[in-house]
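Okay, here's the structure, questions in a sec.
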């Protein structure tokens, strides 16, 4: 379904202070998708070619810019101090397109009904001012003051108004441009100016997230596909010995993708990065794609002295193709020297950058072997890694 006469504004300007979360409600994630992204995906499902403009608060603007690039959308515009000002900023961004109608939706309503969208789009073929989805009130309504019920309100002909709302683009833009009054939504703009607002049947599941209880009610629907995912653990191990024939103060090793000055080099076909090799194998183990040696055989001169980040990036791409999400990486490096704690933070940053994950998901610990055995004699370094990954369950 698509209509070139209609453009879409997604309002993501709220900070969600009443939700008591550290992030804006539209940035809360389920199955690695933010609520804002769910809005984009759902609308595109029903309106494939519709122009979309996101209106973002200043706090989230960097994240929203990345989301817009990810979904090939125009850059976001900044929200205003009030909802109607945010709407106006979104409307101005469509001046070149100049659509006949505009759909405006609060992204705090992540569940979007195809039936509601279809009914609204049908009205875009007619001459209207505004069309809104509504829900009939079934409970009794009363007015209260200081927690005291003080008067009756008849529920007859009373409705709850939802979004998205379909509005005449030109009239709405001009009305908001010339108005100094605050408006709760688009229907209130048209009603204030004595213009007809048409109602259609809304969707009870299109609940607006305002308080934490709202989020709790919607959570089963936002995570309805999460039971298709399970957590798998992949183990990786690698060990390399030092080259005792070339001892120099100018030598270095590569560990976690960073250079560390040592007196001896590590022997390996590639750059002998035991940590990146172990992480790579742990990821390959989860997706059952063999090991680093089978994909990048040491018998192939192509990989001689190769940067091990190449191997880890390849494993990451394979994981992405399986829609796997890294939960955490727990790595232990066993050696007498160097002192791992001095370099662990830099390693974490580098690995997080390679895998495009938050470095808080990575733990790197250093252990000695108490002068026992091969490693205790300072003849080599080993790395052991356990990686937990959320991935689709293929058992059903």
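The values are calculated or read from the model by the stated rules, or taken from the named source; none is laboratory data. Note that the structure is predicted; figures quoted are calculated from it, not measured. Glycine gets a Cβ as well: all are built from the backbone with ideal geometry, and neighbour counts include every protein chain shown.
What is the residue count in the stretch 209-220 for residues that are outside any loop (DSSP other than H, G, I, E, B) and surrounded by fewer than 19 Cβ atoms within 10 Å (Cβ to Cβ)?
So the count comes out to 7.
Kindly provide the set of residues from the stretch 250-308 that are closer than 27 Å to residue 325 by Cα, in contact with a strand residue (DSSP E or B) (Cβ under 8 Å, 6 or more places away or on another chain), touching a residue at least 60 places away in the same chain (Cβ under 8 Å) and not in a helix (DSSP H, G or I), ordered by number.
255, 256, 287 - these are the residues of the stretch 250-308 that are closer than 27 Å to residue 325 by Cα, in contact with a strand residue (DSSP E or B) (Cβ under 8 Å, 6 or more places away or on another chain), touching a residue at least 60 places away in the same chain (Cβ under 8 Å) and not in a helix (DSSP H, G or I).
A quick yes/no check of all residues on (1) part of a helix (DSSP H, G or I); (2) over 24 Å from the mean Cα position of the chain (by Cα); (3) at pLDDT 95 or above; (4) surrounded by 20 or more Cβ atoms within 10 Å (Cβ to Cβ):
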| site | (1), (2), (3), (4) |
| --- | --- |
| 53 | no, no, yes, yes |
| 65 | yes, no, yes, no |
| 68 | yes, no, yes, no |
| 73 | no, no, yes, no |
| 81 | no, yes, no, no |
| 105 | no, no, yes, yes |
| 111 | no, no, no, no |
| 128 | no, yes, yes, no |
| 131 | no, yes, yes, yes |
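Quick check on the stretch 164-196: of everything there that is touching a strand residue (DSSP E or B) at 6+ places or on another chain (Cβ under 8 Å) and free of Cβ contacts under 8 Å to residues at least 60 places away in the same chain, which residue is nearest to residue 86 (Cα to Cα)?
The qualifying residue nearest to residue 86 (Cα to Cα) is 187.
Give the stretch 222-240 a look and list any residue that's surrounded by fewer than 16 Cβ atoms within 10 Å (Cβ to Cβ) and modelled with pLDDT of 80 or more, or say none.
230, 231, 233, 235, 237
Quick check on this structure: which one of 188, 138, 199, 206 is over 30 Å from residue 29 (Cα atoms) and in a loop (DSSP other than H, G, I, E, B)? Before you say what the answer is, go through the steps one by one.
Details: 188 fails: in a loop (DSSP other than H, G, I, E, B); 199 fails: in a loop (DSSP other than H, G, I, E, B); 206 fails: over 30 Å from residue 29 (Cα atoms).
When all the criteria are applied, what remains is 138.
I'd like the full set of residues that are buried (at least 17 other Cβ atoms within 10 Å of the Cβ), in contact (Cβ under 8 Å) with a residue 40 or more places away in the chain and touching a helix residue (DSSP H, G or I) at 6+ places or on another chain (Cβ under 8 Å), limited to the stretch 351-385.
Listed by number, the residues that qualify are 351, 354, 355, 364, 380, 381, 382, 383, 384, 385.
Note down all Cβ pairs under 6 Å where the first residue falls in the stretch 148-160 and is more than 22 Å from residue 131 (Cβ to Cβ), the second is assigned to a loop (DSSP other than H, G, I, E, B), and they're at least six residues apart or on different chains.
155/137
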